[in-house]
Amino acid sequence: MTTQLEANTPSAVLDRVSLVLDAFDGPGRLTLAQIVRRTGLPRSSAHRMLDRLVQLRWLRRQGRDYELGMRLVELGSLAVHQDRLHRAALPLLHELHRVTGHVVHLAVLDGTDVVYLEKIGGRMAAAIPTRVGGRQPAHCTAVGKAMLGFADDDQLTALDDALATRKTKYSISTPAQLRTELGKVRAHGIAYEREESLPGFACVAAPIGNIGEAVAAVSVCGPVAQMGLDHRMAAPVRMTALGIWRSIEGGPVRVQPTLQQARPLRGGPAAGRVSAHVRPELQTA
């Protein structure tokens, strides 16, 4: 009797709902059999819970398949757009995309993963398989390394097991490699990723936060051949991160990174879309 009562307590019910919803962590629909397999719930219990979640619009049923419902989409959108960080960042993210022409991400750290809060990219966005609310191993991404550069020892130790997950042959795979890379992030305040999460693509990221800490990160990603992995791309990314943090803190200065027209470098061809001359404009708010 006691066991039955415990199984029906609110916390137990919420745990089961969480199990069911977590089963949809990824694209595509799921059948009842797949949900039972992923959650470990009894088939009858899972079926009853799915029916109720469909009634509440948390899930949607298409024939024998289930997928996330519009109510979760609505709540997720509200959560993102009510977030102070997202509100402060959005106009600056659009400006960064405009001046670089590349895909821009805003992300936060969650355990050993990064979670994307925003993605702006125009036509190129489809080539990079990230999405708002999606996750990636932090050590494989520029945004992840930008934040991990200021993580404490316990957080870095927790990453040791996660290093077994490699997205490409270039992904960092040992604690020594990671700590060397993070040392560079701390020294320069910028993180680079060269085909470590997606073949053919590179990213530049900067942490958002006070000196020596990071509450989030912003990045620019594009094809390796078009990305200048040096100060030409690092400067506008760093200025965007600074502008976002000043906006969050309510500071008196609004920073808008702008780039001059690209010119040929001396002794060589034009350096892609981004010039070697970066002109940050500071405007009094």
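The values are calculated or read from the model by the stated rules, or taken from the named source; none is laboratory data. Given the structure is predicted, the values throughout are model-derived calculations rather than measurements. Quick reminder, even Gly has a Cβ in these numbers, built from the backbone with ideal geometry, and neighbours come from all protein chains shown.
Filter region 189-213 for residues that are modelled with pLDDT of 90 or more and of a type in the set (A, V, I, L, M); which is nearest to the chain's Cα centre (by Cα)?
A205
For region 171-180, state whether one or more residues are surrounded by 14 or more Cβ atoms within 10 Å (Cβ to Cβ), under 21 Å from T240 (Cα atoms) and assigned by TED's automatic domain parsing to the domain that holds G228.
no
Would you check which residues across region 166-192 are outside any helix (DSSP H, G or I) and within 26 Å of K119 (Cα to Cα) and list them?
Correct list: R166, K167, T168, K169, Y170, S171, I172, G189, I190, A191, Y192.
Quick check on my filter: what residues within region 93-120 are in contact with a His (Cβ under 7 Å, 6 or more places away or on another chain) and without any contact (Cβ under 8 Å) to a residue 40 or more places away in the chain?
Y116, E118, K119, I120
Among the residues of region 125-172, count how many are closer than 24 Å to R238 by Cα and of a type in the set (D, E).
Summing the residues that are closer than 24 Å to R238 by Cα and of a type in the set (D, E) in region 125-172 gives 1.
Report yes if some residue within region 191-209 is out of contact with any Cys (no Cβ under 7 Å at 6 or more places or on another chain) and without any contact (Cβ under 8 Å) to a residue 24 or more places away in the chain; otherwise report no.
No.
Take H81 and decide whether it is of a type outside the set (A, V, I, L, M) and modelled with pLDDT of 90 or more.
Spelling it out, it is not the case that H81 is of a type outside the set (A, V, I, L, M) and modelled with pLDDT of 90 or more.
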